[in-house]
Amino acid sequence: MTINVKKSCYLRIGPRCDVPCANIITLTGHVLPWTKEVKVKYLGILIVQSRAFKCVIDDAKCSFYTVANAIFGNVGRLASEEVTL
């Protein structure tokens, strides 16, 4: 199985997350980058480098409220509370 260098990166989580590490090189000679955050697209979260596992869900919450407000704006006061919920 080959590694897709364009979509791959490394992130450190744990008590030594701030300590610099050696670069990781694939068999084909490509260097994989170290990052401080990784976006998980299908979940809409951001995994951040820290001493403990940490996720940031601000973008996901913003998207949810944007869609919910658009739906409520179109439905207005025409529907009952049960239908709106």
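Between 0 and 90 degrees, rounded to the nearest ten: what's the tilt of helix 58-75 against the longest Cα principal axis of the chain?
20 degrees
Taking only DSSP H segments of four or more residues, each worth -39500 (n - 2.57), what value at 222 nm results for the chain once the sum is divided by all its residues, to the nearest 500 deg cm²/dmol?
Numbers: 2 runs with 22 residues, N = 85.
Mean residue ellipticity, 222 nm, calculated: -8000 deg cm²/dmol.
Rg to Rh ratio, the chain, alpha-carbon atoms and Kirkwood radius?
Numbers: Rg = 20.3 Å, Rh = 16.4 Å.
Result for the chain is an Rg/Rh of 1.24.
How high is the relative contact order of the chain, given as a whole-number percent (alpha carbon pairs under 8 Å, six or more residues apart)? Please report the intermediate quantities before stating the final value.
Values: 84 pairs, mean separation 19.1, N = 85.
Reported as a whole number, the value is 22 percent.
Within region 4-85, which trypsin sites (Lys or Arg not before Pro) sit in a loop by DSSP and count at most 14 neighbouring Cβ atoms inside 10 Å?
Values: sites: Lys6, Lys7, Arg12, Arg16, Lys36, Lys39, Lys41, Arg51, Lys54, Lys61, Arg77; in loops: Lys6, Lys7, Arg12, Arg16, Lys36, Lys41, Arg51, Arg77.
Here the trypsin sites (Lys or Arg not before Pro) that fit, given the DSSP loop and packing criteria, are Lys6, Lys7, Arg16, Lys36, Lys41, Arg51, Arg77.
Calculate, in nm to one decimal, what Arg16 and Thr28 gain on full extension: separation in residues at 0.36 nm each, minus their alpha carbon distance.
On the way: separation 12, 0.36 × 12 = 4.32 nm, distance 2.86 nm.
Full extension from Arg16 to Thr28 adds 1.5 nm.
Counting other Cβ atoms within 10 Å, keep those with at most 16, restrict to DSSP loop, and tell me which chymotrypsin sites (Phe, Trp or Tyr not before Pro) in region 13-67 are left.
Details: sites: Trp34, Tyr42, Phe53, Phe64, Tyr65; in loops: Tyr42, Phe53.
Of the chymotrypsin sites (Phe, Trp or Tyr not before Pro), the ones in loops of region 13-67 whose Cβ has at most 16 other Cβ atoms within 10 Å are Tyr42, Phe53.
Taking a cut-off of 22 Å between Cα atoms, list the lysines near Lys6, but don't count ones fewer than 8 places away on the same chain.
Straight-line reach from Lys6, under 22 Å: Lys36, Lys39, Lys41.
Could you give the dipole magnitude of the chain about its Cα centre, charging the beta-carbon of Lys and Arg +1 and that of Asp and Glu -1, in debye to the nearest 20?
On the way: 11 positive and 6 negative charges, 86 e Å.
Here the size comes out at about 420 debye.
May I ask you to compute the full-extension gain from Ile57 to Thr2, defined as 0.36 nm times their residue separation minus their alpha-carbon distance, rounded to one decimal in nm? Don't skip to the answer; put the middle values down first.
Numbers: separation 55, 0.36 × 55 = 19.80 nm, distance 3.08 nm.
Stretched fully, the Ile57-Thr2 segment lengthens by 16.7 nm.
Read-outs throughout are calculated quantities, based only on the coordinates presented, and are distinct from any laboratory measurement. Remember, it's a predicted structure, so these values are computed and weren't measured experimentally. Note: ideal-geometry Cβ built from the backbone for every residue, glycine included; neighbour counts use all protein chains shown.
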